[in-house]
Amino acid sequence: MIYEGVLTKMKTELKETVQYYMIFEQDFLNVNQVIDKKLSINFLHYFCLNCEKEKKIFTNGVCYQCFSTLPEMGEWVMRPELSTAHLGQEDRDLDYEQKAQLQPHIVYLANSSNVKVGVTRKSQVPTRWIDQGAHEAIEIVEVPNRYLAGITEVALKEHVSDKTNWRRMLTNDLKDLDLQQIKEDLKQYLPEEVKDYYLASSKELEIKFPVLNYPAKCRSLNLQKTPFYEGVLKGVKGQYLIFEDGTVFNVRKHEGYGVALTVQ
């Protein structure tokens, strides 16, 4: 079976075990159903997800020109504390920024390799945690805009990491952590502006991923350097495909890459 199209972030569904879907223009693939089968990936061409031209992808599935101009690629996305829509101040497109920033946001703790603090729109829970490969997560505060979430993250990352160690996550090198206790310990460091938004009764969510075997070591597949790869798929975690030989493929990093996937 051959699936051909442009890669985008895998869609996910929280079930007893996370369900993964690769969506193409004319077809879709439930990735869970091809675990333990041979899968080949053949890079065909670039395709900017915004301007739809065959231009080299810079990041997030778009070319450099689109990355430099699109409102959803503003610096406030990666650094929420730089959000200014609540002040009525425009970065690239105030209307877009108000819709994106002036909505409920969650600051959370997630454990994928080590405990980390992060920010996401409330509408992206639990998708954000799944995409990070977190096997457990808990909400700390729910705030009404992205700026308040950003300053909370800045305050808390003085005490816990804000990064995921992807190698440890993919080799399943996990620590057994009490997120509820860590959350309680961090409460004292919340900025004054967000203390009233603390979620005292939030509960830890556990997430199970469809992985048959984790590699002892892993190496990342880059389609720019290696345009064709073939291997036996052993699982999916975060936005990564995990293969029997220790190769891992970050689907999200390859958004905008036109490929042919062959399942044997």
Open item on the list: Condition first: more than 20 Å from ILE242 (Cβ to Cβ), in contact (Cβ under 8 Å) with a residue 60 or more places away in the chain and under 20 Å from the mean Cα position of the chain (by Cα). Now tell me which residues in the range 13-62 satisfy that.
Closed with: CYS48, LEU49, ILE57, ASN60, GLY61, VAL62
Open item on the list: For the range 98-107, which positions are in a helix (DSSP H, G or I) and either farther than 17 Å from THR120 by Cβ or in contact with a Pro (Cβ under 9 Å, 6 or more places away or on another chain) (or both)?
Closed with: GLN98, ALA100, GLN101
Open item on the list: Show me the strands (runs of 3 or more DSSP E) entirely contained within the range 10-69 in which 2 or more residues are crowded, with 18+ Cβ neighbours inside 10 Å, touching a Lys or Arg at 6+ places or on another chain (Cβ under 9 Å) and of a type outside the set (Lys, Arg).
Closed with: 19-23
- [ ] Identify all residues within the range 125-158 that are of a type in the set (A, V, I, L, M, F, W, C) and either outside the structural domain of ILE182 (by TED's automatic domain parsing) or farther than 20 Å from ALA100 by Cβ (or both); write none if there are none.
- [x] ILE130, ALA134, ALA137, ILE138, ILE140, ALA155, LEU156
Open item on the list: Quick test of your reading of the structure: ILE182 fulfils all but one of (1) under 21 Å from ARG128 (Cβ atoms); (2) part of a loop (DSSP other than H, G, I, E, B). Name the failing condition by number.
Closed with: (2)
Task: Selection count, the range 98-120, where residues are of a type outside the set (A, V, I, L, M, F, W, C), free of Cβ contacts under 8 Å to residues at least 60 places away in the same chain and within 25 Å of GLN132 (Cα to Cα) - done: 9
Open item on the list: If the requirement is being under 30 Å from PRO215 (Cα atoms), in contact with a helix residue (DSSP H, G or I) (Cβ under 9 Å, 6 or more places away or on another chain) and surrounded by fewer than 21 Cβ atoms within 10 Å (Cβ to Cβ), which of these qualifies: ASN145, ASN114?
Closed with: ASN114
- [ ] Please find, among TYR197, TYR240, TYR257, TYR189, the residue that is buried (at least 18 other Cβ atoms within 10 Å of the Cβ) and under 28 Å from GLU81 (Cβ atoms).
- [x] TYR197
Open item on the list: List pairs: first residue in the range 181-196 and in the same structural domain as VAL115 (by TED's automatic domain parsing), second residue in a loop (DSSP other than H, G, I, E, B) anywhere in the structure, Cβ distance under 8 angstrom, at least six positions apart or on different chains.
Closed with: ILE182/VAL160; LYS183/SER202; LEU186/HIS159; LEU186/VAL160; TYR189/GLU158; TYR189/HIS159
- [ ] Just need a number here: residues in the range 10-48 that are farther than 18 Å from THR127 by Cβ and either at pLDDT 95 or above or not charged (D, E, K, R) (or both).
- [x] 19
TODO: Please list, ordered by first then second residue, the pairs with beta carbon atoms under 9 Å, 6 or more apart or interchain, first in the range 79-97 and closer than 15 Å to ARG121 by Cβ, second at pLDDT below 95 and assigned to a loop (DSSP other than H, G, I, E, B).
DONE: none
Open item on the list: Just to verify a result, which residue in the range 198-219, among those that are of a type in the set (S, T, N, Q) and in contact with a strand residue (DSSP E or B) (Cβ under 8 Å, 6 or more places away or on another chain), is farthest from ASP178 (Cα to Cα)?
Closed with: ASN213
Task: Pair list, Cβ < 7 Å and 6+ apart or interchain, from the range 155-171 residues that are assigned to a strand (DSSP E or B) to residues that are of a type in the set (Lys, Arg) - done: SER161/LYS116
Task: Test for LYS217: is it free of Cβ contacts under 8 Å to residues at least 60 places away in the same chain, over 29 Å from TYR147 (Cβ atoms), outside any strand (DSSP E or B) and assigned by TED's automatic domain parsing to the domain that holds ILE23 - done: yes
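The values are calculated or read from the model by the stated rules, or taken from the named source; none is laboratory data. Note that the structure is predicted; figures quoted are calculated from it, not measured. In this analysis, Cβ positions are derived from the backbone assuming ideal geometry, glycine residues included, and neighbour counts consider all displayed protein chains.
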